[in-house]
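To start, the structure itself, in structure tokens.
Where a number appears in this text, it was derived from the coordinates with a stated rule and is not lab data. Because the structure is predicted, anything quoted here is derived from the model rather than measured. In this analysis, Cβ positions are derived from the backbone assuming ideal geometry, glycine residues included, and neighbour counts consider all displayed protein chains.
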Amino acid sequence: MASNIDERVEAKLNSIGTEEKEEILKNFTNFKSYLASKVTAGEKMGLSEEVLAKATEKVAGYLAKHEEPRNREEHLLQQLWKSGDKEQQHALSHMLLNLVKNEG
């Protein structure tokens, strides 16, 4: 199942147009709202916390590799992501999940 989720996340990331991506990444509030909506959708599909964290990890890895930070918060997240090993990146993914869940 995780492989299927990875493929779906990858396909979604690749299908986001430039304008939509700019809107999502314009500020940290927009990014959190976007992530929260995807987490809610995943929860409604019955995805576990661990599967959601792995999907979040995939998104974070994509952003760190392909996107320039557009604000201080994104810059900090990118630096944390790049400085961590796989285990720390996974923990950061769980923290991002908790952040958007607790604010929603």
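Quick one: if you stick a label point 7 Å off each Cα along the C-beta vector at Leu76 and Lys21, how many nm between them?
The modelled label-to-label distance comes out at 2.5 nm.
Relative to the Cα centre, what is the charge dipole magnitude of the stretch 52-100, using +1 at the beta carbon of each Lys and Arg, -1 at the beta carbon of each Asp and Glu, and rounding to the nearest 20 debye? Intermediate values should be presented prior to the final figure.
Numbers: 7 positive and 7 negative charges, 16 e Å.
Charge dipole, the stretch 52-100, about its Cα centre: 80 debye, nearest 20.
In debye, nearest 20, what is the charge dipole magnitude of the chain about its Cα centre with +1 on Lys and Arg Cβ and -1 on Asp and Glu Cβ, if you could check?
Dipole magnitude for the chain comes out near 80 debye.
Binned at 10 Å from 0, what are the whole-percent values of the Cα-Cα distance distribution for the chain, short to long?
Per 10 Å bin, starting at zero, the Cα-Cα P(r) for the chain comes out as 15, 51, 33, 2 percent.
Lys12 versus Asn102, label points 7 Å from Cα toward the beta carbon: distance in nm?
2.3 nm
Could you compute the FRET efficiency for Glu67 and Ala41, with r as their C-beta to C-beta distance and R0 at 22 Å, rounded to 0.05?
About 0.50, to the nearest 0.05.
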